[in-house]
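Presented below is the structure to which this report refers.
The values are calculated or read from the model by the stated rules, or taken from the named source; none is laboratory data. Small disclaimer: the values here were computed from a predicted structure and weren't measured. Neighbour counts run over all protein chains shown; Cβ positions are idealised from the backbone, glycine included.
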Amino acid sequence: MSSVDSRQPGVAQRIAELRQTIDYHNYRYYVLDDPQIADIEYDRLLRELQELETQHPELVTPDSPTQRVGAEPIAAFGEARHGVPMLSLDNIFSEAELEDFDRRVREGLGWEHVDYVAEPKLDGLSVNLRYQDGLLVQAGTRGDGRVGEDITANIRTVRTVPLRLQGDGWPELLEVRGEVVIRRADFQRLNELRLDQGEKPFANPRNAAAGSLRQLDPRITAARPLSFFTFGTGASSEPIDGSHSAVLERLRQWGFLVNDQVKKVVGAEGCETYYRDLLARRDELPFEIDGIVYKVDDLAAREELGFTARAPRWAAAHKLPAVEASTRVASIEPSVGRTGVITPVANLEPVAVGGVTVSRATLHNLDEVRRKDVREGDTVMVRRAGDVIPEITAVVVDKRPAAAEPWEMPASCPVCGSEVQRLEGQAAHRCIGGLYCPAQQVGAVIHFASRKAMDIDGLGDKLIEQLVNKGLVRTVADLFALSHEQVAGQERMGDKSADNLLKAIDRARKTTLPRLIYALGIDQVGEVTANQLAQHFGDLDAVMQADEEALQTVPDIGPVVAKALPISLPSRITAT
Ligand code: IVH
């Protein structure tokens, strides 16, 4: 219960009620992720409390939910001394090392099997929260392990940090430890917002969390979507329980967010199973992790095992393959796509990221290259998040070679030499060569042969490139005129595979109209539109002869596509 002024009984009581209600809904929303009231109702309660506190400033307390908006800026961080040191963890890099760890623990205890608690190792910032009589009184960063920076004002803004402990039974003095992170979804929204506001996006959730917490202006921290996950306790005026898993359960009851992936396992085998399972689901987790932490569950056993100089003997961090690595940009290549769009692609010195070797990363378009200011020769950070294509997240500007120049989009197509244009209002640059451009010829044929289009078995990308480069195929129509000798003469093509390919091409002569329309690769015409055009006009001639007005009567075809269609059709229709 917060202390309130007894001279204002009615107001003080209402303030206490509001604080309790708001704290409860805050907890439902941020910790349990299960809100019980609408945002608008929550805002109304908070506004009422704010108004009462403005009228009665003597009743404001540091644990009031209104204090989460962020206090006045400070000049520098003070010191926060930890009750017991915040140690780090020894790392494990393989299952063999995990088995060694388990063996050392078993031998140290003289036990046959050891119960562990396995937890995701969140990639954020380690924080120590000090509670006195259930009230948050200080928050510190890890610092050198004994003394960190006092970030109390900033931590108060983090909604998953209880300003006052719930329930009862907590020790008079209690240090709660955990990691401040930004969830993936929150990170994405935060970066979108920053881009909208013309600010530089953060390279990764960890940097965003660290940058948000080490702010001298707590109002900035308040505006960032930070979450605090607890993973244990520090100093405590009395023992809480006999096992780590029970302590976590108590912390949960006192209002903290405990990761729901935390699990009790038995022995090295249990740890391994947990590791493999979490590694497989890594990309689906709502937050980024960089490892798994195994901790002996029994707290008396921990006492017995003790510490080395820098880390406990009862815990270890099993590292996951890094999702971010640094490498050098060998070159930036303008790559011409099927429809002539030119995408800048960075050719990288190969580097392992998240268990995969990465040697190329797309830079999307010229604006993106400028925004990130990536130059040939730069050292860059490359990151794989989820199952998406690798991305360059940042340039290590200190390592930039003196001669590195900003990258420019070429004025002419690197493949056919046609002019490169950027249409108004579009981010992409395009080669205007159309089917004169071999890159677009290759792209058009690849699309034509693809599974959802004509589905020509055996006509792979590499073969198409050879056929186009040798001038045997320029448009999709040329496919139907290929001879056995021409096909069999290509690399890795024998008589038999040439026969099979020619048969597959022949089969493609009989196809459905929607497939044919889709296969032509007309700008803006995907499978759905192709279907609608086919249904509406009945045959290809009718589609070709349709003018803009007639085309617009087809469902989903708007003025832009209707205008583009009659132009793009004749140049590509030579197929039939
Ligand atoms: S336990 C003495 N559990 O990893 C044991 N740490 O390398 C102290 N971390 O400084 C840490 N998730 O910032 C523990 N579930 C977890 C963790 C975790 C992330 C961080 C923490 C610590 C560092 C240790």
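In the stretch 241-253, is there at least one residue being assigned to a strand (DSSP E or B) and either under 19 Å from ALA316 (Cβ atoms) or among the hydrophobic types (A, V, I, L, M, F, W, C) (or both)?
So far as the stretch 241-253 goes, yes, one or more of its residues are assigned to a strand (DSSP E or B) and either under 19 Å from ALA316 (Cβ atoms) or among the hydrophobic types (A, V, I, L, M, F, W, C) (or both).
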**Request:** Select from the stretch 287-312 the residues that are more than 10 Å from the ligand (Cβ to nearest atom) and under 19 Å from VAL258 (Cβ atoms) and list them in ascending order.
**Result:** PHE287, GLU288, VAL296, ASP297, ASP298, LEU299
**Request:** Taking the residues in the stretch 233-242 that are of a type in the set (Gly, Ala, Ser) and touching a residue at least 60 places away in the same chain (Cβ under 8 Å) as candidates, determine which candidate is surrounded by the fewest Cβ atoms within 10 Å (Cβ to Cβ).
**Result:** SER237
**Message:** Considering only the stretch 187-199, I want to know if a residue exists there that is farther than 29 Å from GLU391 by Cβ and among the hydrophobic types (A, V, I, L, M, F, W, C).
**Reply:** no
**Check on ALA268, surrounded by fewer than 15 Cβ atoms within 10 Å (Cβ to Cβ) and either of a type in the set (A, V, I, L, M) or in a helix (DSSP H, G or I) (or both)** = no
**Complete:** Sole miss for ALA439 among (1) crowded, with 18+ Cβ neighbours inside 10 Å; (2) not in a helix (DSSP H, G or I) is condition (2)
**Request:** Select from the stretch 185-238 the residues that are part of a loop (DSSP other than H, G, I, E, B), modelled with pLDDT under 95 and within 16 Å of the ligand (Cβ to nearest atom) and list them in ascending order.
**Result:** ASN204, ARG214
**Message:** Any residue in the stretch 274-287 that is farther than 20 Å from ARG183 by Cβ sitting within a Cβ distance under 8 Å of a residue that is not in a helix (DSSP H, G or I)? List the pairs, counting only those 6 or more apart or interchain.
**Reply:** TYR274/ALA118; TYR274/LYS263; TYR274/VAL265; TYR274/ILE292; TYR275/ALA118; TYR275/ILE292; TYR275/HIS318
**Message:** Let me confirm something: among ARG276, ARG282, which residue is assigned to a helix (DSSP H, G or I) and touching a Leu at 6+ places or on another chain (Cβ under 7 Å)?
**Reply:** ARG282
**Selection from the stretch 157-183 of residues that are among the basic types (Lys, Arg) and away from the ligand (no atom under 16 Å from the Cβ)** = ARG159, ARG164
**Asked** So which of ALA444, ALA449, ALA453 ends up being surrounded by 14 or more Cβ atoms within 10 Å (Cβ to Cβ), touching a His at 6+ places or on another chain (Cβ under 9 Å) and touching a residue at least 12 places away in the same chain (Cβ under 8 Å)?
**Response** ALA453
**Prompt:** Would the stretch 295-314 turn up any residue that is surrounded by 16 or more Cβ atoms within 10 Å (Cβ to Cβ), at pLDDT 95 or above, under 26 Å from the mean Cα position of the chain (by Cα) and of a type outside the set (Ser, Thr, Tyr)?
**Reply:** no
**Request:** Mind counting the residues in the stretch 92-136 that are in contact with a strand residue (DSSP E or B) (Cβ under 7 Å, 6 or more places away or on another chain) and either among the hydrophobic types (A, V, I, L, M, F, W, C) or on the phi > 0 side of the Ramachandran plot (or both)?
**Result:** 15
**Request:** Could you grab me the full set of residues in the stretch 247-276 that are more than 16 Å from the ligand (Cβ to nearest atom) and either among the basic types (Lys, Arg) or out of contact with any Lys or Arg (no Cβ under 9 Å at 6 or more places or on another chain) (or both)?
**Result:** ARG250, GLN253, TRP254, VAL266, GLU269, GLU272, THR273, ARG276
**Message:** I'd like to check something: does the stretch 360-375 contain any residue that is of a type in the set (Gly, Ala, Ser) and either within 16 Å of the ligand (Cβ to nearest atom) or surrounded by fewer than 21 Cβ atoms within 10 Å (Cβ to Cβ) (or both)?
**Reply:** no
**Complete:** Of the residues in the stretch 168-184, those that are surrounded by 21 or more Cβ atoms within 10 Å (Cβ to Cβ), within 21 Å of the chain's Cα centre (by Cα) and either part of a loop (DSSP other than H, G, I, E, B) or of a type in the set (Phe, Trp, Tyr) (or both) number 1
**Asked** Failed condition for VAL117, given (1) more than 21 Å from GLY234 (Cβ to Cβ); (2) within 10 Å of the ligand (Cβ to nearest atom), with all others met?
**Response** (1)
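Which of the following residues is within 29 Å of GLU172 (Cβ to Cβ), in contact (Cβ under 8 Å) with a residue 24 or more places away in the chain, within 13 Å of the ligand (Cβ to nearest atom) and not aromatic (Phe, Trp, Tyr): ASN154, ASN91, ASN128? Even if it seems obvious, please write down each step before you answer.
Details: ASN154 fails: within 13 Å of the ligand (Cβ to nearest atom); ASN91 fails: within 29 Å of GLU172 (Cβ to Cβ).
Selected residue: ASN128, the only one of ASN154, ASN91, ASN128 that is within 29 Å of GLU172 (Cβ to Cβ), in contact (Cβ under 8 Å) with a residue 24 or more places away in the chain, within 13 Å of the ligand (Cβ to nearest atom) and not aromatic (Phe, Trp, Tyr).
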**Asked** Which pairs do you get when a residue that is touching a residue at least 40 places away in the same chain (Cβ under 8 Å) and part of a loop (DSSP other than H, G, I, E, B), found in the stretch 308-319, comes within reach of a residue that is near the ligand (Cβ under 10 Å from one of its atoms) and hydroxyl-bearing (Ser, Thr, Tyr), reach meaning Cβ atoms under 7 angstrom, with the pair 6+ apart or on two chains?
**Response** ARG310/SER88; ALA311/SER88
**Request:** Please work out which one of (1) more than 16 Å from the ligand (Cβ to nearest atom); (2) in contact with a helix residue (DSSP H, G or I) (Cβ under 9 Å, 6 or more places away or on another chain); (3) modelled with pLDDT of 95 or more is the condition VAL329 fails and give its number.
**Result:** (2)
**Prompt:** Which condition breaks for GLU391 when tested against (1) of a type in the set (Asp, Glu); (2) farther than 30 Å from ASP283 by Cα; (3) within 35 Å of the chain's Cα centre (by Cα)?
**Reply:** (2)
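Check the stretch 65-84 and report whether any residue there is within 16 Å of the ligand (Cβ to nearest atom), within 24 Å of ARG142 (Cα to Cα) and touching a His at 6+ places or on another chain (Cβ under 6 Å).
No, the stretch 65-84 contains no residue that is within 16 Å of the ligand (Cβ to nearest atom), within 24 Å of ARG142 (Cα to Cα) and touching a His at 6+ places or on another chain (Cβ under 6 Å).
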**Prompt:** SER335 passes all but one of (1) within 26 Å of the chain's Cα centre (by Cα); (2) of a type in the set (Ser, Thr, Tyr); (3) within 13 Å of the ligand (Cβ to nearest atom); which number fails?
**Reply:** (3)
**Request:** Grab the helices (runs of 4 or more DSSP H) fully contained in the stretch 469-559, keeping just those with 3 or more residues being closer than 18 Å to ILE446 by Cβ.
**Result:** 476-479, 495-507, 513-519
**Message:** Looking for something in contact (Cβ under 8 Å) with a residue 24 or more places away in the chain and closer than 27 Å to GLU249 by Cβ - is there at least one such residue anywhere in the stretch 188-206?
**Reply:** no
